[in-house]
Amino acid sequence: MFYESNPHKVLRFGDVLEGFVLSATSMKSPHDVKERRQYGIDVRVPHHAVVLSPCCSIGDKTLALSPLIGVNPAFFDNPFLREDLTRVNGKLKPEQSVPPEIWKKLPPQEKDRRFGGNREGYAFLEYFVYEKHDLLDYYTVHRQDRNIETNYYMVDFRRIHRVECDRVANPKQAPLEAKVLELSVQTRTTLRAKLAWYFGRPAPEDMV
């Protein structure tokens with residue numbers, strides 16, 4: 001079970017929320033403190049956003065949120081993933097991470113290099129896919145040979161925003177009416193493990 005059938009009246013890690021405004025700055029290069037250069041502020045109100053604050057750290061008017069976005073269209077080119085896009089969330093065998101026709105063309109050394117020689121690993125480090133649900137709208141994914149209607153979504157760990165909200169005092173004293181979906185305990189554990197791996201994996205040069 002991907003989602004909790006009876007969501008609790010409390011904010012939790014992995015919850016899907018609605019109504020929050022997210023923003024990010026953009027610039028061509030860092031500013032010299034003595035100069036004024038152009039920069040931009042991108043402000044969006046996504047249909048849904050996901051709580052990436054640990055449950056015990058929700059409070060002090062602060063939340064870490066990531067927008068719930070459409071899935072990577074390339075996922076549908078891989079038959080193994082196409083059967084169940086939430087397979088992106090777990091560890092895969094190297095041959096499961098790409099379409100069969102691409103795997104056949106890879107040289108042996110590249111096949112051995114995948115996941116550092118391990119038989120299983122995370123292939124899509126930045127992404128966590130949310131299972132389709134009646135409360136999530138359908139949208140169209142365009143591929144060369146077909147258009148696909150889906151309501152799978154995903155979060156991209158590279159797009160985490162800090163949001164301040166006066167009503168977020170703690171997990172129970174929060175705008176609970178904004179909560180749309182809650183992950184099951186098992187799914188929340190999977191999300192926590194992947195997010196921890198994303199931020200905690202060692203750099204190749206540190207593994208010497």
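The values are calculated or read from the model by the stated rules, or taken from the named source; none is laboratory data. These numbers were taken from a predicted model, which means no experiment stands behind them. Every residue, glycine among them, receives a Cβ derived from its backbone with ideal geometry; neighbour counts consider all protein chains shown.
A few remarks follow.
- In the range 28-47 there is at least one residue that is closer than 18 Å to Tyr127 by Cα and not basic (Lys, Arg).
- Unmet requirement for Arg44, which otherwise passes all of (1) surrounded by 16 or more Cβ atoms within 10 Å (Cβ to Cβ); (2) within 19 Å of the chain's Cα centre (by Cα); (3) not hydroxyl-bearing (Ser, Thr, Tyr): (1)
- Restricting the first member to the range 173-202 and to residues that are over 18 Å from Asp134 (Cα atoms), and the second to residues that are at pLDDT 95 or above and assigned to a helix (DSSP H, G or I), the beta-carbon pairs closer than 8 Å and six or more apart or on different chains are Thr190/Asn89; Leu191/Asn89; Lys194/Asn89.
Residues checked against (1) modelled with pLDDT under 95; (2) touching a Cys at 6+ places or on another chain (Cβ under 9 Å); (3) small (Gly, Ala, Ser); (4) surrounded by 15 or more Cβ atoms within 10 Å (Cβ to Cβ):
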position	(1), (2), (3), (4)
Arg146	yes, no, no, no
Phe157	no, no, no, yes
Cys165	no, no, no, yes
Pro171	no, yes, no, yes
Ala193	no, no, yes, no
Pro202	yes, no, no, no
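- The set of residues in the range 173-191 that are within 28 Å of Lys91 (Cα to Cα) and either loosely packed, with under 13 Cβ neighbours inside 10 Å or of a type in the set (Val, Ile, Thr) (or both) comprises Val180, Val185, Gln186, Thr187, Thr189, Thr190.
- Residue in the range 97-104 that is exposed (fewer than 12 other Cβ atoms within 10 Å of the Cβ) and among the charged types (D, E, K, R) present: yes
- Hits in the range 156-174 (condition: among the acidic types (Asp, Glu) and within 15 Å of Val50 (Cβ to Cβ)): Asp156
- Counted as qualifying within the range 153-208 are the strands (runs of 3 or more DSSP E) with 3 or more residues that are out of contact with any Pro (no Cβ under 6 Å at 6 or more places or on another chain) and closer than 20 Å to Ala123 by Cα, namely 153-156.
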